[in-house]
Amino acid sequence: MKHIAIITSGLVGITNASFQLAHRLQTEGHRITYLCPKPIEALVKAQGLSYVQLPEINFKFSFLNTEALRQKKYSTFFKYIYHYTHLKQQYNAGITALQLLDYERILNTLNPDVALIDLEIHEAILPALKLNINTKLLSCFLFNQRQSNLPPLRSTIIPKQGFSGSRLGIEFEWLQLKLKIIGRMVMDNLRLEHSRRSVLKQYLKQERLTTVQCISRNFPSAFIYKNIDSLYMVMEALEFPYKKPSTVQYIGAMVAENRTKIEMPDAINAIINLKNSTKKKLIYCSLTTMAPTEDVTFLTKLIKAVANENNWLLLISFGGKTIPDTLTAVPKNVFLHRWVPQLPVLAHTDCSINHGGIHTINECIHFKVPMLVYSGQHYDQDGNAARLAYHKIGLRGDKTIDSIESINTKIHTVLHDTSLKKYMARLHKTYVNNSTTPLTPYL
């Protein structure tokens, strides 16, 4: 039995996935301690897990936050002069501000056999490496390191489709992305903003963590650690073909169907009962919880696309956001809700319309629900949508150009195309096999 520390950001998706990971490891006989910089103690303890609160992470740390640089007597020019003449002092202040020493102290006290750390939590990764803790990175994203035949996760490209999908087109896309990263880093340095990456690099150098190949990037984390083993909580079967590095291991999608005991709201139960009693098709549209919704125009088209379909029921969840006033008058077969318990609803869904978030995709695979993805164009959503279309478990749409008629046609296809259901059933079988594979060999 090993003592395993699981450290995540506390964001909804990875938190729920990590709960499933923790329960599977517990089932295999390991002791779990859960650590998080967000205050989610009650949520973690409800899972029966031990909990340690970590200091909050300042993801937007800036050198301009220091007291000396904020003093009004400094002009912009002298702020830069002060910063560059007190560089070491500034970095030390940054290490304190990012609480790296506190993370180091907590991990040293806990002294786990293995630390499974969210790849975005560098404040925990670097101290764990310094302390020689057996560290493995947790990723909820699909693979996103540069290869000549693998498009970036933030692009809509599908390999071997058109010029953009050629080797030259893919290389050009990676070059554009690299130039954007470099440009953003240069501007951040000039403005003394978003200095977290610089401080983390300085800590890495100070502690002589020379065995770590640290490559800067912008998504899904500030760095790639090429020499550290990574456990991908996604399905390898969802990837484009690529050459997998030896440090990458896929442990499968983590969907905790019984993660919480949620009582279904009466209004949602009524919709499901209506579906079951009338044999109508339930279309569930979920908006992203990660970014402000800008989709009123698209939702208006979607509602019109289903308005005259008597055998369809459309349930829209706004991800906890307020329902816009402009959408209050809707047909009788359309239901708007600020929040919906997604997992129980997906169990009764015939077509999922979503923004391409990987956790929703995993949950659709769990319930064998074919998808129509209108990418939110944030983070990895474009790349996820491209891979979903490539593996034929759903369709892609474009919310900016698709007409009401086009949306209607695509929903019809998702509901009735037997090939989509066939490919989804095949992928679901792989998902089930992944779910029963022991995790201990990966530690």
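At 0.36 nm per residue, and after removing the present C-alpha to C-alpha distance, how many nm does the segment from THR413 to TYR84 gain when stretched out fully?
112.4 nm
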D (µm²/s, integer) via Stokes-Einstein for the range 383-439, Kirkwood Rh across alpha-carbon pairs, 25 °C, 0.890 mPa s: value 190 µm²/s
accessible surface per residue for the chain, probe 1.4 Å, DNA/RNA/ligands not counted, whole Å² -> 47 Å²
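Given contacts defined as C-alpha pairs under 8 Å and at least six residues apart, what's the relative contact order of the range 8-157, whole-number percent? If you can, show how the numbers build up before the last one.
On the way: 138 pairs, mean separation 24.3, N = 150.
Here the relative contact order equals 16 percent.
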Its Cα gyration tensor gives the range 343-443 an equivalent ellipsoid whose semi-axes in whole Å, largest first, are 25, 16, 11
In whole Å, largest first, the alpha carbons of the range 94-219 cover along the principal axes 55, 37, 22
Among LYS304/LYS392; LYS281/LYS332; LYS180/LYS243; LYS281/LYS304; LYS136/LYS205, the pairs whose Cα-Cα distance exceeds 23 Å are LYS304/LYS392; LYS180/LYS243
Placing each pseudo-label 7 Å from Cα in the direction of the beta carbon, VAL52 and VAL296 end up separated by a distance in nanometres of 4.8 nm
Rounded to a whole %, the carbon-and-sulfur portion of the accessible area of the range 1-43 at a 1.4 Å probe is 57 percent
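Working from the alpha-carbon coordinates of the range 296-361, get Rg over Rh, Rh being the Kirkwood radius. If you can, show how the numbers build up before the last one.
On the way: Rg = 12.0 Å, Rh = 12.8 Å.
Ratio of gyration radius to Kirkwood radius: 0.94.
Quote the relative contact order of the chain in percent (integer), defining contacts as alpha-carbon pairs under 8 Å separated by 6+ residues.
Details: 721 pairs, mean separation 62.4, N = 443.
Rounded, it is 14 percent for the chain.
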Under the 7 Å Cα-to-Cβ spin-label approximation, GLN213 and SER277 lie apart by a distance in nanometres of 6.2 nm
For the range 90-163 the chymotrypsin sites (Phe, Trp or Tyr not before Pro) that pass both the DSSP coil test and the at-most-15 other-Cβ-within-10 Å test are PHE163
Matching label for the computed Cα extents along the principal axes in Å, out of [x] 77, 43, 39; [y] 62, 52, 45; [z] 71, 54, 44, is [z]
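Would you please name the trypsin sites (Lys or Arg not before Pro) within the range 154-193 that are DSSP coil residues with at most 15 other C-beta atoms within 10 Å of their C-beta? Intermediate results must be reported in sequence, preceding the final value.
Details: sites: ARG154, LYS160, ARG167, LYS178, LYS180, ARG184, ARG191; in loops: ARG154, LYS160.
When the trypsin sites (Lys or Arg not before Pro) of the range 154-193 are filtered for loop state and at most 15 Cβ neighbours within 10 Å, LYS160 remain.
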For the chain, the charge dipole (Cβ of Lys, Arg +1; Cβ of Asp, Glu -1; about the Cα centre) points to a positive end, and the Cα of GLN202, LEU238, LEU299 closest to that extreme belongs to GLN202
If one builds a Gaussian network model of the chain from Cα atoms under 10 Å apart, the most fluctuating residue listed among ILE14, ILE393, ILE268 is ILE268
Of SER221, SER230, SER139, the most mobile residue in a GNM of the chain (C-alpha springs, cutoff 10 Å) is SER221
So, with points 7 Å from each Cα along the Cβ direction, the ASN189-LEU443 label distance in nm works out to 4.2 nm
Ranked by GNM mean-square fluctuation in the chain (Cα springs under 10 Å), the top entry among ILE401, ILE272, ILE181 is ILE401
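To the nearest 20 debye, what charge dipole does the chain have about its Cα centre, counting +1 at the Cβ of each Lys and Arg and -1 at the Cβ of each Asp and Glu?
Details: 52 positive and 33 negative charges, 137 e Å.
Here the size comes out at about 660 debye.
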Taking the alpha-carbon centre of each part, the distance from the range 403-443 to the range 300-364 in Å is 19 Å
Contact order relative to length for the range 286-443, counting C-alpha pairs under 8 Å separated by 6 or more residues, stands in percent at 21 percent
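The values are calculated or read from the model by the stated rules, or taken from the named source; none is laboratory data. These numbers come from a predicted model, not from an experiment. Because the Cβ atoms are built from the backbone with ideal geometry, glycine has one as well, and the counts that use them run over all protein chains shown. The protein model used for the area step is the full one, side chains on, heavy atoms only, and it has no ligands, DNA or RNA in it. Shrake-Rupley method; radii C 1.70, N 1.55, O 1.52, S 1.80 Å.
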